[in-house]
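First up is the structure itself, then whatever we jot down about it.
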Amino acid sequence: MIDSRELRNALGHFATGVTVVTTRNAAGAPIGVTINSFASLSLDPPLILWSLAKKSHSLAAFEAAPHFAVHVLAADQRALSDRFARSSDDKFADVRASSGLGDVPLLPHCAAVFQCSVEHCYDGGDHMIVVGRVQRFATDDRPPLLFYRGRYASGDDAPQALGSLVRVVC
Ligand SMILES: Cc1cc2nc3c(=O)[nH]c(=O)nc-3n(C[C@H](O)[C@H](O)[C@H](O)COP(=O)(O)O)c2cc1C
């Protein structure tokens with residue numbers, strides 16, 4: 001029998017970046033969730049994927065949305081990650097979002113942004129797997145926010161945390 005908590009801890013040994021995925025719900029309200037299950041999938045066609053917990057309050061919005069945007073967060077955007085990792089009706093308060101493909105909210109100052117149309121949604125156990133077709137993308141030369149074993153690895157503790165992370169990764 002696999003213990004879910006122990007499995008989660010073991011999976012945390014896989015270091016990732018951090019993204020915020022945004023869209024709009026049927027009423028036009030901005031929706032955003034912090035996601036580290038993001039992965040590249042295919043170059044031709046240009047596909048990416050990520051997964052969303054079925055218990056997420058944002059599930060209905062992402063099930064229905066034709067477009068979404070994946071924002072790869074920069075090292076100094078830890079507060080943005082925390083903000084979108086909590087269920088709230090007010091996640092976009094004071095956030096200066098612009099409008100992208102399908103009127104999807106776009107967050108500023110990210111390391112990269114991938115604007116996507118929804119290609120497929122698959123069942124993935126207690127998550128929904130979303131496959132997106134990249135329609136537009138942009139990058140900025142900013143160091144990324146990293147996540148490893150349940151903690152961020154950047155910001156004030158960057159030299160030490162990133163140093164140990166690089167040792168682990170290499
Ligand atoms: C670094 C980080 C990565 C996360 N990655 C995911 C993920 O890949 N999929 C997911 O469903 N939730 C993920 N979460 C948790 C969601 O961000 C969190 O459950 C959020 O509150 C969901 O918002 P909602 O309930 O308003 O939809 C992550 C949280 C953090 C801090």
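The values are calculated or read from the model by the stated rules, or taken from the named source; none is laboratory data. Only a predicted model underlies this, so the values are computations on that prediction, with no experimental measurement involved. Every residue, glycine among them, receives a Cβ derived from its backbone with ideal geometry; neighbour counts consider all protein chains shown. In case anyone asks, the SASA skips ligands and DNA or RNA and just uses the protein heavy atoms, side chains included. Shrake-Rupley method; radii C 1.70, N 1.55, O 1.52, S 1.80 Å.
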Could you compute how much accessible surface Asp76 exposes when probed at 1.4 Å, giving the result in Å² to the nearest 10?
110
Carbon/sulfur fraction of accessible area - the chain, other protein chains in place, 1.4 Å, %
53
In nm, the gap between the two label points placed 7 Å beyond Cα toward Cβ at Ile2 and Ser42 is 2.6
Could you size up the charge dipole of segment 1-125 around its Cα centre, putting +1 on the beta carbon of Lys and Arg and -1 on that of Asp and Glu, and report it in debye to the nearest 20?
240
With the 1.4 Å probe rolled over protein heavy atoms, the chain has an accessible area per residue in Å² of 60
Jot down the radius of gyration and Dmax of segment 4-169, Cα atoms only, both in angstrom.
15.5, 47
Length gain on complete extension for the stretch Ala53 to Asp123, per 0.36 nm per residue less the alpha carbon to alpha carbon distance?
24.1 nm
Ala29 to Arg149: FRET efficiency via 1/(1 + (r/R0)^6), r the Cβ-Cβ distance, R0 25 Å, to the nearest 0.05?
0.15
On a C-alpha basis, how far is the centre of segment 1-62 from the centre of segment 82-123 in Å? Whole number, if you could?
12
So what is the calculated 222 nm ellipticity per residue for the chain, using -39500 (n - 2.57) for each DSSP H run with n of 4 or more, over all residues, to the nearest 500 deg cm²/dmol?
-5500 deg cm²/dmol
Compute the length gained on full extension between Gln135 and Ser88: take 0.36 nm times their separation in residues and subtract their Cα-Cα distance, giving the result in nm to one decimal.
14.0 nm
